[in-house]
1. Looking at the range 54-82, which of the residues that are of a type in the set (A, V, I, L, M) and loosely packed, with under 14 Cβ neighbours inside 10 Å is farthest from Asn10 (Cα to Cα)?
2. Which of the residues spanning the range 15-36 are closer than 27 Å to Asp50 by Cβ and of a type in the set (Gly, Ala, Ser)?
3. Which of the residues spanning the range 8-24 are within 17 Å of the chain's Cα centre (by Cα), over 18 Å from Thr70 (Cα atoms) and among the small types (Gly, Ala, Ser)?
4. Looking only at the range 38-53, count every residue that is within 14 Å of the chain's Cα centre (by Cα), under 10 Å from Gly12 (Cα atoms) and either touching a residue at least 60 places away in the same chain (Cβ under 8 Å) or surrounded by fewer than 20 Cβ atoms within 10 Å (Cβ to Cβ) (or both) and tell me the total.
5. Yes or no: Ala46 small (Gly, Ala, Ser) and modelled with pLDDT under 90?
Amino acid sequence: MARMAGPLANPGDLAAESSGEAVRAWGRLGYPRRALRLHAAATLIAQDHDGRVPRDPVELRALPGIGEYTAAAVSAFALATQPPSWTPMSAVCWLGLAAVRPCQQ
């Protein structure tokens, strides 16, 4: 993971490497297909988006390996463009917090 967060941390650098190198850098994180999809997404970002991660959730979802949940998470946390997506567990957590500390108006 350190290799993915270091020299291959931006789409242009990752796209410049072979897909095999992306899998090697992914190491023992499991699910090597994720590394292949990440490499494919980085290649498209480098080619079609001038090396910048798209801010539009529709464009994000068009990238390999990026579904609705991942696009929402990237938008919320990396790009700060939309609120985080909801899952059943996050809804339960928020409802639990609201019961403990109700919102004040």
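1. So in the range 54-82, the residues of a type in the set (A, V, I, L, M) come out as 58, 60, 62-63, 66, 71-74, 76, 78-80.
From what's left, loosely packed, with under 14 Cβ neighbours inside 10 Å: 58, 78, 80.
Details: Val58: 21, Ala78: 13, Ala80: 18 Å.
My answer is Val58.
2. Ala15, Ala16, Ser18, Ser19, Gly20, Ala22, Ala25, Ala35
3. Gly12, Ala15, Ala22
4. Selection size over the range 38-53: 1.
5. Values: small (Gly, Ala, Ser): yes; modelled with pLDDT under 90: no.
Spelling it out, it is not the case that Ala46 is small (Gly, Ala, Ser) and modelled with pLDDT under 90.
The values are calculated or read from the model by the stated rules, or taken from the named source; none is laboratory data. Quick caveat: nothing in here was measured; it's all calculated off a predicted structure. In this analysis, Cβ positions are derived from the backbone assuming ideal geometry, glycine residues included, and neighbour counts consider all displayed protein chains.
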